[in-house]
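So the structure is just underneath, and the comments pick up after that.
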Amino acid sequence: MKLKSLLLLLLLAAQAPWVYSWSNHTLISHDLLQALPEVRDAAPVEVESIEAFLMATESDLAVFLDEQEQQLRNSLWHYAPRPDSLRFIANGDAQSVRQRFTQAIRINPNSKLALYVQLLPGEARDGMPIAASDVRTLTDPVHLEEVQLIQLTEGRRVAPLDVVTTANDEPDHGLDIGLFTDSNTDYGLEYGFGAQPFGNPALPYGTQAPFHMGFYHEPKIIYAAGGFLKRTYPEYRILLFKQLAEFAFAQGHDYWGWRFMGWGLHYVGDFSNPYHVTPLPGASTLDILIPGVLGVIGLPSAQQKATQLTSNRHTALEDFQQEVMDRAYIAHQTSPLISALVPPETSVPFTNEQVIGLIAKTAYDKAEQVDRVLQQAMPAKFINDSAIEYSDLGVKSQLPDIVLQESGLEAYQRMETVVADLLGDFAQYGTAYVRSILSQPRR
């Protein structure tokens, strides 16, 4: 088997157990957005179904999407052009408008796109509940079973803060599922993305990996051995939904302006996590290539060890983040992780070039440090033992307590500090993203 094939297997296995970034994106977006006066104090907006929005803007939307596609083809890094057969054509047919739109922006056509608000852990409000199965296409993410979901109705008014915070978790509810030719879906055969470059196509949720991970800063030898790493699409999603938000606001459809903003902000959040911008955080070029070489000569144990350790560390990092934040919200207490989400007093204005050159690069540069802190602070059996599958241990709900008890207060605080630092990056770049959208002309 060639080295390229072994490298693909290495990265596929390393990413197989997880494709989410931060667990429950409402946790990392709410306090950031609430601290922005332009979001917190924005007037309530009228709830509108996706079909109503599309029919009201159909002609202008067709022109906009054509112009946007040309811009994306000219500017994005290794973009997979949208097939011309998927162009959004304005024909006045309300029955088909949703399908025409979902295929034009190449998201899962089975996405629920329900009207609802997703609350924080421990938060409760009056309202008609909506089942998790009515807002997601798969049984994951499981955190939807643990928070209150409130159904909205067309014509009702809702706070923009609720719209954006809810929408920020939505891309993990199935928007990017099944989009490749080997995803065993009809639409995956039509969307133009080809075969899945990495991630595990055998796992339903694994098919979203190339839309939530972007490997833009690897050494040239890694790309030479695995050119498939260039086929990543978070940058596409960040700019696609930013421009859709600006279009919706300009058309006077503020509900969808805020909602598209939340969708795009999700991928900005993904890029604050080093495990979403480099395939094996903490690994040198040789660390990545040697397991592949050993696999070529029939010694796969190094490959298996590397992938298992990476998987365990990624999962432990996100479990720690979610549990610490869940506890703080439920107890109505603060936490360094929540405090890190306060927007900076000044932020660098957002530009399209920053997605790769600044946002992804910042997390990439911190990957080694994050890996080092994990090894120092987490119990060794969780992240340094390749014979153990961490997620099978069932320790997620007790993880902060275990770190404190077994590794000590200093180690616990190092974990808090490193996660807070990453969330602080999201606060900075997320603020710039939101303000860039809101700076555009609005009706």
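Each value in this text was obtained by applying a stated rule to the coordinates, not by laboratory testing. Worth saying up front: this structure is predicted, and the values here are computed from it rather than measured. Methodologically, a virtual Cβ is constructed for each residue, glycine included, from the backbone with ideal geometry; neighbour enumeration extends over all protein chains shown.
Hey, rough spin-label estimate for Val342 and Arg156, points 7 angstrom out along Cα→Cβ, what's it come to in nanometres?
With each label point 7 Å from Cα toward Cβ, the separation is 3.4 nm.
What net charge is computed for the residues neighbouring Asn352, neighbours being all others with C-beta under 10 Å from the C-beta of Asn352, Lys and Arg scored +1, Asp and Glu -1?
Surrounding charge for Asn352 is -1.
Over the stretch 161-246, what per residue volume does the convex hull of the Cα atoms give, in whole Å³?
Cα convex hull per residue, to the nearest whole number: 113 Å³.
Please report Rg over Rh for the stretch 368-443, where both radii come from the alpha carbon positions and Rh follows the Kirkwood definition.
The Rg/Rh ratio comes out at 1.21.
Could you give the size of the charge dipole of the chain about its Cα centre, using +1 on the Cβ of each K and R and -1 on the Cβ of each D and E, expressed in debye and rounded to the nearest 20?
Dipole about the Cα centre, nearest 20: 1000 debye.
Can you give the charge dipole size of the stretch 159-219 about its Cα centre, rounded to the nearest 20 debye, using +1 on the beta carbon of Lys and Arg and -1 on the beta carbon of Asp and Glu?
Numbers: 0 positive and 9 negative charges, 28 e Å.
In total the dipole reaches around 140 debye.
Which entry is the computed Cα extents along the principal axes in Å for this structure: [x] 60, 50, 40; [y] 66, 64, 47; [z] 94, 42, 41?
Structure-derived value, by its label: [x].
On a C-alpha basis, how far is the centre of the stretch 69-134 from the centre of the stretch 355-426 in Å? Whole number, if you could?
Using only Cα atoms to place each centre, the spacing works out to 33 Å.
Quickly rank 354-362, 70-78, 429-437 as a protection proxy: mean count of other C-beta atoms within 10 Å, highest first.
Numbers: 354-362: 21.0, 70-78: 13.2, 429-437: 23.7.
Per-residue mean Cβ counts within 10 Å order the peptides as 429-437, 354-362, 70-78.
Can you check what the net charge comes to around Val163, using other residues whose Cβ is under 13 Å from the Cβ of Val163 (Lys, Arg +1; Asp, Glu -1)?
Values: positive: Arg40, Arg156, Arg157, Arg259; negative: Glu46, Glu48, Asp162, Asp169, Glu170, Asp254.
Combined, the nearby Lys, Arg, Asp and Glu give -2.
Kindly put Thr139, Thr165 in sequence by how many other C-beta atoms sit within 10 Å of each C-beta, fewest to most.
Thr139, Thr165
Which percent of the Cα-Cα distances in the stretch 24-123 go past 22 Å?
Result for the distance tail: 50 percent.
Hey, which aspartates and glutamates would be in cross-link range of Lys305, C-alpha to C-alpha under 12 Å, not counting anything within fewer than 8 residues on its own chain?
Asp287, Asp385, Glu389
So what J values fall out for the stretch 379-396 if you push phi through Karplus, 6.51 cos²θ - 1.76 cosθ + 1.60 with θ = phi - 60°, rounded to Hz, Gly and Pro as x?
x, 4, 5, 7, 10, 10, 10, 6, 7, 10, 8, 3, 5, 7, 6, x, 9, 3
So how far apart, in nm, are the two label points at Thr181 and Asp365 if each is 7 Å from Cα heading toward Cβ?
Using points 7 Å along Cα→Cβ, the separation is 3.9 nm.
Per the helix-only calculation at 222 nm, which mean residue ellipticity applies to the chain, given -39500 (n - 2.57) for every DSSP H run of n ≥ 4 and division by its residues, nearest 500 deg cm²/dmol?
-15500 deg cm²/dmol
So, by mean Cβ neighbours within 10 angstrom, what's the order for 399-410, 237-248 with the highest one leading?
On the way: 399-410: 15.2, 237-248: 23.8.
Descending packing order for the listed peptides: 237-248, 399-410.
Ranking Ser183, Ser284 by Cβ neighbours within 10 Å, fewest first, what do you get?
Ascending Cβ contact count within 10 Å gives the list Ser284, Ser183.
Near Lys361, which aspartates and glutamates are there with a Cα under 19 Å away, not counting those fewer than 8 places off in the same chain?
Result set, ordered by chain and number: Glu218, Glu235, Asp270, Glu353, Asp371, Asp421, Asp425.
Taking the Cβ of each residue in Asp421, Asp126, Asp371, Asp254 as the centre, tally the other Cβ atoms inside 10 Å and list the residues starting with the fewest.
By the 10 Å Cβ count, ascending: Asp126, Asp421, Asp254, Asp371.
Would you mind calculating the gained length between Arg40 and Ala90 on full extension (0.36 nm times residue separation, minus the Cα-Cα distance), in nm to one decimal?
Going from the current span to full extension adds 14.5 nm.
Evaluate the Debye formula for the stretch 81-231 with equal point scatterers sitting on the alpha carbons, no solvent, and hand back log10 of I(q)/I(0) at q = 0.10, 0.13, 0.15, 0.17 Å⁻¹, in q order, two decimals.
Result of the Debye calculation: -0.46, -0.73, -0.92, -1.07.
Counting only other residues whose beta carbon sits under 12 Å from that of Tyr390, what net charge do I get with K and R as +1, D and E as -1?
-2
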